[in-house]
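> Structure below; questions to follow.
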Amino acid sequence: MTAATATSQRGERAEPGVRGLPRAGTVLAITARPGPESTALGGLLFAFGQAGARTTVLSLTRGEASPFNSTSSRLEAVRPWELQLASWLLGVSSVAVSDFPDGRLSNCPMPHLTERVRRAITEHAPDLILVLDPAAGNSDDAQVAQAVSLVAGTVGVPVAARTTPGASHGWAVELGAETDVARAVQQAAARAHASQSEMLPEELRRLDGHSGREQLRWLVPAAMHSYTSLSSSAMSVLSAPDEAGEVMKTAVFPWRAPRVLLTGLAAV
(Lines give C-alpha, C1' and ligand atoms only; values in the text may rest on other atoms or scores of the structure.)
Protein backbone atom coordinates (compact mmCIF):
# COMPACT_ATOMS: atom_id res chain seq x y z
CA MET A 1 0.00 0.00 0.00
CA THR A 2 1.26 3.50 -0.80
CA ALA A 3 0.47 6.91 0.63
CA ALA A 4 -1.50 7.71 -2.49
CA THR A 5 -3.77 4.72 -2.15
CA ALA A 6 -4.18 4.39 1.62
CA THR A 7 -7.75 4.80 2.77
CA SER A 8 -9.35 5.14 6.19
CA GLN A 9 -12.08 3.00 7.66
CA ARG A 10 -14.57 5.63 6.51
CA GLY A 11 -13.32 5.33 2.95
CA GLU A 12 -11.34 8.59 3.02
CA ARG A 13 -8.41 8.64 0.66
CA ALA A 14 -5.08 9.94 1.93
CA GLU A 15 -3.76 12.95 0.08
CA PRO A 16 -0.81 12.08 -2.16
CA GLY A 17 2.53 12.92 -0.57
CA VAL A 18 1.06 13.17 2.94
CA ARG A 19 1.74 10.52 5.58
CA GLY A 20 0.96 9.91 9.19
CA LEU A 21 3.64 10.19 11.84
CA PRO A 22 6.40 7.57 11.72
CA ARG A 23 5.43 4.77 14.09
CA ALA A 24 7.53 4.98 17.26
CA GLY A 25 7.17 3.97 20.89
CA THR A 26 9.92 6.32 22.08
CA VAL A 27 11.00 9.53 20.35
CA LEU A 28 14.19 11.39 21.25
CA ALA A 29 14.55 15.01 20.11
CA ILE A 30 18.10 16.38 20.12
CA THR A 31 18.67 20.11 19.70
CA ALA A 32 21.61 22.48 19.86
CA ARG A 33 19.95 24.76 22.43
CA PRO A 34 16.74 25.30 24.40
CA GLY A 35 13.93 26.73 22.30
CA PRO A 36 13.72 24.70 19.07
CA GLU A 37 12.09 21.80 20.93
CA SER A 38 9.09 24.16 21.15
CA THR A 39 9.23 26.52 18.19
CA ALA A 40 10.36 23.91 15.64
CA LEU A 41 9.62 20.47 17.06
CA GLY A 42 6.82 21.27 19.50
CA GLY A 43 3.95 20.28 17.23
CA LEU A 44 5.61 16.98 16.39
CA LEU A 45 6.51 16.16 20.00
CA PHE A 46 2.97 16.87 21.18
CA ALA A 47 1.48 14.80 18.34
CA PHE A 48 3.77 11.86 19.06
CA GLY A 49 2.77 12.03 22.72
CA GLN A 50 -0.92 12.09 21.81
CA ALA A 51 -0.30 9.01 19.67
CA GLY A 52 1.03 7.17 22.72
CA ALA A 53 4.78 7.62 22.25
CA ARG A 54 7.13 8.47 25.09
CA THR A 55 8.99 11.66 24.16
CA THR A 56 12.36 12.84 25.46
CA VAL A 57 14.55 15.89 24.80
CA LEU A 58 18.30 16.47 24.91
CA SER A 59 19.73 19.97 24.46
CA LEU A 60 23.48 19.91 23.92
CA THR A 61 23.97 23.47 25.25
CA ARG A 62 22.34 25.81 27.74
CA GLY A 63 21.59 28.43 25.09
CA GLU A 64 23.85 31.06 26.61
CA ALA A 65 24.87 32.58 23.26
CA SER A 66 21.46 34.08 22.46
CA PRO A 67 21.61 37.86 21.86
CA PHE A 68 18.26 38.20 23.72
CA ASN A 69 17.70 38.19 27.46
CA SER A 70 14.52 39.66 28.90
CA THR A 71 15.37 38.54 32.43
CA SER A 72 17.86 39.62 35.08
CA SER A 73 19.39 36.14 35.19
CA ARG A 74 22.27 34.69 33.26
CA LEU A 75 21.05 32.78 30.23
CA GLU A 76 23.02 29.66 31.06
CA ALA A 77 21.14 29.52 34.37
CA VAL A 78 17.61 30.38 33.24
CA ARG A 79 17.27 28.77 29.82
CA PRO A 80 17.51 25.14 31.02
CA TRP A 81 14.61 25.84 33.38
CA GLU A 82 12.62 27.41 30.56
CA LEU A 83 13.26 24.25 28.58
CA GLN A 84 12.01 22.16 31.49
CA LEU A 85 8.76 24.14 31.67
CA ALA A 86 8.23 24.09 27.91
CA SER A 87 8.82 20.35 27.80
CA TRP A 88 6.29 19.81 30.59
CA LEU A 89 3.68 21.65 28.52
CA LEU A 90 4.50 19.48 25.52
CA GLY A 91 4.11 16.30 27.58
CA VAL A 92 7.78 15.36 27.30
CA SER A 93 8.73 12.64 29.78
CA SER A 94 12.40 13.54 30.37
CA VAL A 95 14.74 16.43 29.65
CA ALA A 96 18.53 16.65 29.75
CA VAL A 97 20.80 19.63 29.15
CA SER A 98 24.52 19.30 28.47
CA ASP A 99 27.23 21.89 28.86
CA PHE A 100 28.74 22.22 25.41
CA PRO A 101 29.38 25.85 24.33
CA ASP A 102 26.38 27.43 22.63
CA GLY A 103 27.20 28.92 19.24
CA ARG A 104 30.47 27.00 19.05
CA LEU A 105 29.47 23.39 18.62
CA SER A 106 31.42 23.28 15.37
CA ASN A 107 34.57 23.79 17.48
CA CYS A 108 33.79 20.81 19.71
CA PRO A 109 35.54 17.53 18.95
CA MET A 110 33.08 15.31 17.17
CA PRO A 111 33.91 12.30 19.41
CA HIS A 112 32.72 14.31 22.43
CA LEU A 113 29.40 15.09 20.77
CA THR A 114 28.87 11.57 19.48
CA GLU A 115 29.61 10.09 22.90
CA ARG A 116 26.92 12.28 24.49
CA VAL A 117 24.45 11.29 21.78
CA ARG A 118 25.37 7.64 22.25
CA ARG A 119 24.67 7.88 25.98
CA ALA A 120 21.25 9.40 25.29
CA ILE A 121 20.41 6.60 22.85
CA THR A 122 21.56 3.98 25.35
CA GLU A 123 19.47 5.57 28.11
CA HIS A 124 16.24 6.05 26.19
CA ALA A 125 16.39 3.34 23.48
CA PRO A 126 14.47 5.52 20.98
CA ASP A 127 12.70 4.15 17.94
CA LEU A 128 13.12 7.53 16.24
CA ILE A 129 15.33 10.60 16.69
CA LEU A 130 14.19 14.07 15.68
CA VAL A 131 16.60 16.89 14.79
CA LEU A 132 16.48 20.12 12.83
CA ASP A 133 17.36 19.93 9.16
CA PRO A 134 21.05 20.86 8.83
CA ALA A 135 20.23 22.52 5.52
CA ALA A 136 17.69 24.84 7.17
CA GLY A 137 19.42 25.66 10.48
CA ASN A 138 22.69 27.25 11.58
CA SER A 139 26.14 25.70 12.03
CA ASP A 140 25.29 24.36 15.50
CA ASP A 141 22.17 22.64 14.14
CA ALA A 142 24.26 21.11 11.36
CA GLN A 143 26.81 19.85 13.88
CA VAL A 144 24.06 18.26 15.96
CA ALA A 145 22.58 16.56 12.89
CA GLN A 146 25.98 15.22 11.89
CA ALA A 147 26.76 13.86 15.37
CA VAL A 148 23.33 12.25 15.67
CA SER A 149 23.50 10.71 12.21
CA LEU A 150 26.97 9.28 12.84
CA VAL A 151 25.83 7.47 15.98
CA ALA A 152 22.32 6.52 14.87
CA GLY A 153 23.62 5.05 11.64
CA THR A 154 25.80 2.60 13.58
CA VAL A 155 23.02 1.43 15.93
CA GLY A 156 20.16 1.31 13.44
CA VAL A 157 18.00 4.12 14.81
CA PRO A 158 16.27 6.22 12.12
CA VAL A 159 16.75 9.98 12.21
CA ALA A 160 14.16 12.39 10.81
CA ALA A 161 14.89 16.07 10.32
CA ARG A 162 12.14 18.66 10.61
CA THR A 163 12.54 20.75 7.50
CA THR A 164 10.79 23.37 5.37
CA PRO A 165 7.95 22.71 2.89
CA GLY A 166 9.26 21.74 -0.50
CA ALA A 167 12.61 20.53 0.82
CA SER A 168 14.29 17.91 -1.32
CA HIS A 169 13.32 14.34 -0.39
CA GLY A 170 10.93 15.61 2.27
CA TRP A 171 7.36 14.60 2.96
CA ALA A 172 4.42 16.11 4.82
CA VAL A 173 3.11 14.48 7.99
CA GLU A 174 -0.27 15.09 9.57
CA LEU A 175 -0.28 16.13 13.22
CA GLY A 176 -3.63 14.46 13.75
CA ALA A 177 -7.21 15.37 14.42
CA GLU A 178 -6.40 17.79 17.26
CA THR A 179 -4.28 20.14 15.20
CA ASP A 180 -5.62 23.28 16.88
CA VAL A 181 -4.74 21.85 20.28
CA ALA A 182 -1.27 20.85 19.10
CA ARG A 183 -0.55 24.35 17.81
CA ALA A 184 -1.96 25.99 20.94
CA VAL A 185 0.25 23.83 23.16
CA GLN A 186 3.21 24.55 20.91
CA GLN A 187 2.65 28.28 21.28
CA ALA A 188 2.34 27.93 25.06
CA ALA A 189 5.63 26.04 25.11
CA ALA A 190 7.28 28.78 23.04
CA ARG A 191 6.06 31.38 25.55
CA ALA A 192 7.72 29.41 28.34
CA HIS A 193 11.06 30.70 27.03
CA ALA A 194 10.55 34.05 28.76
CA SER A 195 14.15 35.16 28.39
CA GLN A 196 13.60 35.17 24.63
CA SER A 197 10.41 37.28 24.74
CA GLU A 198 11.87 39.89 22.39
CA MET A 199 11.76 37.42 19.54
CA LEU A 200 8.52 35.76 20.69
CA PRO A 201 6.09 37.87 18.59
CA GLU A 202 7.87 36.84 15.40
CA GLU A 203 7.88 33.19 16.43
CA LEU A 204 4.18 33.27 17.31
CA ARG A 205 3.31 34.87 13.96
CA ARG A 206 5.23 32.11 12.23
CA LEU A 207 3.42 29.44 14.25
CA ASP A 208 0.07 31.07 13.46
CA GLY A 209 0.78 30.47 9.80
CA HIS A 210 1.40 26.75 10.27
CA SER A 211 -1.15 24.22 9.11
CA GLY A 212 -1.85 20.82 10.61
CA ARG A 213 1.20 19.42 8.92
CA GLU A 214 4.95 19.36 9.40
CA GLN A 215 7.64 18.51 6.89
CA LEU A 216 10.20 15.79 7.57
CA ARG A 217 13.03 14.18 5.65
CA TRP A 218 15.16 11.20 6.52
CA LEU A 219 18.79 11.73 7.51
CA VAL A 220 19.18 8.11 8.59
CA PRO A 221 16.41 5.92 7.16
CA ALA A 222 15.71 2.40 8.33
CA ALA A 223 15.17 -0.46 5.91
CA MET A 224 11.44 -0.31 6.61
CA HIS A 225 9.31 2.34 8.32
CA SER A 226 5.69 2.28 9.38
CA TYR A 227 3.51 5.37 9.35
CA THR A 228 0.34 5.77 11.32
CA SER A 229 -2.38 8.30 10.71
CA LEU A 230 -3.63 9.99 13.86
CA SER A 231 -7.10 10.61 12.46
CA SER A 232 -9.77 9.99 15.07
CA SER A 233 -11.73 8.06 12.47
CA ALA A 234 -9.10 5.62 11.34
CA MET A 235 -5.59 4.21 11.54
CA SER A 236 -3.88 3.93 8.16
CA VAL A 237 -0.62 2.02 8.10
CA LEU A 238 1.81 2.74 5.30
CA SER A 239 5.14 1.13 4.50
CA ALA A 240 8.08 2.99 3.01
CA PRO A 241 11.04 1.64 1.54
CA ASP A 242 30.70 15.69 27.20
CA GLU A 243 32.28 15.21 26.53
CA ALA A 244 30.20 17.56 28.57
CA GLY A 245 28.42 16.90 31.84
CA GLU A 246 24.68 16.69 32.15
CA VAL A 247 23.39 19.64 34.13
CA MET A 248 19.71 18.81 34.42
CA LYS A 249 17.57 15.74 34.09
CA THR A 250 13.83 16.01 34.50
CA ALA A 251 11.16 13.36 34.68
CA VAL A 252 7.99 15.08 33.52
CA PHE A 253 4.55 13.52 33.44
CA PRO A 254 1.96 15.17 31.18
CA TRP A 255 -0.19 17.74 32.97
CA ARG A 256 1.39 17.05 36.35
CA ALA A 257 4.08 18.89 38.28
CA PRO A 258 7.47 17.64 37.09
CA ARG A 259 10.02 15.91 39.26
CA VAL A 260 13.43 17.50 38.85
CA LEU A 261 16.81 16.00 39.61
CA LEU A 262 19.78 18.37 39.45
CA THR A 263 23.19 16.82 39.00
CA GLY A 264 26.58 18.38 39.30
CA LEU A 265 28.75 19.02 36.29
CA ALA A 266 31.06 16.23 35.32
CA ALA A 267 34.51 16.92 33.97
CA VAL A 268 34.68 17.40 30.24
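The values are calculated or read from the model by the stated rules, or taken from the named source; none is laboratory data. No experiment lies behind these values; they were computed from the predicted model shown. When we count neighbours, we look across all protein chains shown, and the Cβ atoms used for this are built from the backbone with ideal geometry, even at glycine.
> Could we say that residue 184 is in a loop (DSSP other than H, G, I, E, B) and modelled with pLDDT of 50 or more here?
For residue 184, the condition - in a loop (DSSP other than H, G, I, E, B) and modelled with pLDDT of 50 or more - is not met.
> So in segment 215-225, with the set limited to residues that are touching a Ser or Thr at 6+ places or on another chain (Cβ under 9 Å) and surrounded by 15 or more Cβ atoms within 10 Å (Cβ to Cβ), which one is modelled with the lowest pLDDT?
Once the filter is applied, the top-ranked residue is 225.
> Scan the helices (runs of 4 or more DSSP H) fully inside segment 62-160 and keep the ones with 1 or more residues being in contact with a Lys or Arg (Cβ under 7 Å, 6 or more places away or on another chain) and basic (Lys, Arg).
Hits in segment 62-160: 75-90.
> Could you tell me which of the residues 87, 93, 106 is among the polar types (S, T, N, Q) and over 18 Å from residue 182 (Cα atoms)?
The conditions single out 106.
> So if I check each of 93, 195, 106, which one is of a type in the set (Ser, Thr, Tyr), closer than 30 Å to residue 72 by Cα and within 18 Å of the chain's Cα centre (by Cα)?
93
> While we're looking at this one, here's another question. Among the residues of segment 55-94 satisfying the criterion of being among the aliphatic types (A, V, I, L, M) and in contact with a Pro (Cβ under 8 Å, 6 or more places away or on another chain), which is farthest from residue 22 (Cα to Cα)?
Restricting to residues being among the aliphatic types (A, V, I, L, M) and in contact with a Pro (Cβ under 8 Å, 6 or more places away or on another chain), the top hit is 65.
A quick yes/no check of all residues on (1) among the acidic types (Asp, Glu); (2) under 15 Å from residue 132 (Cα atoms); (3) in contact with an Asp or Glu (Cβ under 7 Å, 6 or more places away or on another chain):
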| position | (1), (2), (3) |
| --- | --- |
| 23 | no, no, no |
| 66 | no, no, no |
| 76 | yes, no, yes |
| 82 | yes, no, no |
| 88 | no, no, no |
| 92 | no, no, no |
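> Starting from segment 119-138, keep only residues that are more than 11 Å from residue 55 (Cα to Cα) and acidic (Asp, Glu), then list their pairs with residues that are assigned to a helix (DSSP H, G or I) and at pLDDT 95 or above whose Cβ atoms are within a distance under 8 Å, requiring at least 6 positions of separation or different chains.
Filtered contacts from segment 119-138: 133/141; 133/145.
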